[in-house]
Structure formats: structure tokens, C-alpha cells
Amino acid sequence: MSYTNKVIHSGYFNDTLRQWQCQNTQITSLNLMYPIFILDEKDVREEIKSMPGIYRQGLNHIKAMLDPVVESGLKSILIFGVINKLSKDQYGTHADSFENPVIQALPLLKEWYPNLVIACDVCLCPYSSDGHCGIVENKQIDNVKSIKRIGEIALSYALAGADIVAPSCMMDGHVTAIKQSLMKENLLSRVSVLSYSAKFCSVFYGPFRDAANCAPSFSNRSSYQIPVGSSSIAERVVDRDISESCDMTMVKPGMMYLDVVRKVKDKHPNIPIFIYQVSGEYAMLYHAAQAGVIQLKEGLIEILRSMRRAGGDVIVTYYTPEVLKWLKDVSIL
Ligand code: PBG
């Protein structure tokens, strides 16, 4: 029998040998961030219909929900405020009022989980009467007013204890506006900015808009979110946010945009890249598994590994609690 270099060894026959072939695509608790929805009604807990298994809950339910996840190794969360009772207006007044559920939750979360990294989504859409991500004047986004307001909201979350502020509004200049407002309060050394830089105008946010009660009341978000077919806008927006000194950047949604992740990683190997596996991706997988078309665990791990392989450092996923439980099983990771 003669050896030929045309034969590629494919018998990765044990865990260690398999892992050696998969350097830098492993999944650990550091690679996961868990998004949670906090309601302005303290005692309410309701399942989100379009995201079975995911709840929005008031402050009185948060600890019971998070305790077991922290226990299984959770390192970071991303908080969204949802208002049912508080009023909405053009300027999103309740995005950073004392009654805002995020502002109320932050000091408690810090007390309960001193080592948990807490990121806050910063956007107007859950709080503005028109459901848009910036301030609307005469049916048009007013960029200057929007980023000023985004800077104020981010500062309030930072002062209330957030470790990371994460603008998801796609308003030009949002990183600079936030950095400037953090600087005024001397918070730059304690608070990082994770910019949702490459946020595509996706239909896969549908379930989230149910969850956060934030669908736009007129038009859509195509004037400020990236057209699905454009990788070059995404690359330019990431470059811009990095040049404005964001600490971390994000591509969103996940699975359909891994080409963009790879391009960003190749160009900026040293900045952490987050990938948001969004609500529609969650729901799609959930229903495929329910229908018996794929196994949830194996399917999800394959997707998460592909995200790591594409260059994603941290994956924001609603499946974080499940994945943390599976991490002990080395053969799948
Ligand atoms: C708000 C925001 C959205 C998501 C995160 N922040 C929705 C949107 O832009 O319409 C989507 C998250 C998800 O779908 O899971 N700006």
C-alpha cells in the first residue's frame, strides 16, 4: 500500500483530535450574551407568542429567571426595556425616566450579580410614539436631534450601572455622541460602547417587534437600516464606527450575514465582533425542531460554530441558557 498526498485524513476519531482541527471556533460561556426583556409592570410575566419559550417579565421575576442561568456560567446579558403602562411620545421620554424598567433594574442586577457584564440596548423605538429608532420630525428622521437623545439615554444607563451601552438605532454619529456624553461624566474608563454597526433591514426582527412592542407606526426602517443586498455599506459603517472608537462592533442578523462577519474580521482582527442571532432566527429554529425537521441541539451548535468560524467572537442568542447547559458535553463543541 502506498501513501498518496491526495488522501485527506478524515478520521478525526476522538474529542481531542477533533478539537485540534477546530481552533478558535470553540464555544464557551465567554462567547455568549443573553438578551432579556424587562417590563414596566413589576409582577407581570408573559410568554412572547412568536418566540415560544422566551418571556418578557417585570422586575419581580428577573432574579428567579436569571439565577439558574448565572449558576450555569452566564457571563453577560443584553437588556431591553419594554413599556406597556408608561406612555410613549415623540422623544421617548420614558427611555431614561426614573420609571424606566432598565434604569430600575440596573442597580439590583449589579447587586445580585457583581460579576455579570450588563449591556443595555440603546434605542428610541420601544419608547417613541411612532416606533422609529430616532426622533422623527415631519415624517423624517432628524439625525442631529436623534443622536443627541441617544447620547443622553446611553449616559443614563451608564450612570445607573451598565457596563456596556449598545446603540441599535443606526443613526449616523451615534458612537461619537455616546462617547462624548460618557466623557462629560468621566465614564469612559468604566463603560464600553458596543455598536450595532452592520444592522440590516431584515424581516427576521418580526418576533422582536412583538416582544418589545416597537413596530414602526408608519413606513419602515429602510431609510436607516442597511439594504439586504449591500455588503459594502455594511463594511463602511463598521469602519466608521471603529474610527469613532466603538469598543466592540456587531453584525445583525446572524446566519444570513456571515460573509459580512468574515470581511469585518479580516479587516479588523483586533476588535471583538458580536453576531446577533435575532428573534426570527430563534423562531425559525424553534419551529423546525418542533416539526422534527432538525435536532435543536445539533442544529444550533452547528450554526453557532459557523458563526465562530466566520469570525464572530460573541453571539447574542436567546438560546444562551440551553447552550450553557450543553457546554459540559465536549464532543459537540
Ligand atoms: C431595536 C432593535 C431591534 C432588534 C434589536 N434592537 C429591532 C429592530 O431594529 O426593528 C432586533 C432583535 C431581534 O430581532 O431579536 N432597534
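The values are calculated or read from the model by the stated rules, or taken from the named source; none is laboratory data. Just so we're clear, the structure is a prediction, and the values are computed from it rather than from any experiment. Backbone-built Cβ (ideal geometry, glycine too); neighbour counts: all protein chains shown.
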Next item on the list: Output the residues belonging to the stretch 216-227 that are surrounded by 15 or more Cβ atoms within 10 Å (Cβ to Cβ) and part of a loop (DSSP other than H, G, I, E, B).
Entry: PRO216, ARG221, TYR224, GLN225
Next item on the list: Could you please find all residues in the stretch 117-159 being of a type outside the set (A, V, I, L, M, F, W, C), in a helix (DSSP H, G or I) and out of contact with any helix residue (DSSP H, G or I) (no Cβ under 7 Å at 6 or more places or on another chain)?
Entry: ASN143, LYS145, SER146, ARG149
Notebook entry, point to check: Assuming SER195 fulfils every condition listed in (1) of a type in the set (S, T, N, Q); (2) out of contact with any strand residue (DSSP E or B) (no Cβ under 6 Å at 6 or more places or on another chain); (3) in a strand (DSSP E or B) apart from one, which condition is it?
Noted result: (2)
Margin query: Given the criteria farther than 19 Å from GLY134 by Cα, surrounded by 14 or more Cβ atoms within 10 Å (Cβ to Cβ) and under 19 Å from the mean Cα position of the chain (by Cα), does ILE275 qualify?
Written below: yes
Checklist line | Selection status of VAL237, within 27 Å of VAL193 (Cβ to Cβ) and out of contact with any Ser or Thr (no Cβ under 7 Å at 6 or more places or on another chain) | finding: no
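One line per residue, one yes/no per condition, for (1) without any contact (Cβ under 8 Å) to a residue 60 or more places away in the chain; (2) more than 28 Å from ILE54 (Cα to Cα); (3) more than 16 Å from the ligand (Cβ to nearest atom):
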| position | (1), (2), (3) |
| --- | --- |
| LEU159 | yes, yes, yes |
| ILE178 | yes, yes, no |
| LEU187 | yes, yes, yes |
| VAL203 | no, no, no |
| PRO227 | yes, yes, no |
| SER232 | yes, yes, yes |
Margin query: For MET256, only one of the following conditions fails: (1) in a helix (DSSP H, G or I); (2) more than 16 Å from the ligand (Cβ to nearest atom); (3) surrounded by fewer than 20 Cβ atoms within 10 Å (Cβ to Cβ). What is its number?
Written below: (2)
Item checked: Selected residue (only one of ASP163, ASP172, ASP241, ASP210 is surrounded by 15 or more Cβ atoms within 10 Å (Cβ to Cβ), more than 12 Å from the ligand (Cβ to nearest atom), at pLDDT below 95 and not hydrophobic (A, V, I, L, M, F, W, C)) -> ASP172
Margin query: I'd like to know if the stretch 86-94 contains one or more residues that are crowded, with 21+ Cβ neighbours inside 10 Å, closer than 25 Å to ILE233 by Cα and touching a residue at least 40 places away in the same chain (Cβ under 8 Å).
Written below: no
Next item on the list: Give the stretch 290-326 a look and list any residue that's crowded, with 19+ Cβ neighbours inside 10 Å and outside any helix (DSSP H, G or I), or say none.
Entry: GLY311, GLY312, VAL314, ILE315, VAL316, THR317, TYR318, TYR319
Notebook entry, point to check: Say we look at the stretch 228-238 and pick out the residues that are aliphatic (A, V, I, L, M) and part of a helix (DSSP H, G or I); which of these is surrounded by the most Cβ atoms within 10 Å (Cβ to Cβ)?
Noted result: VAL238
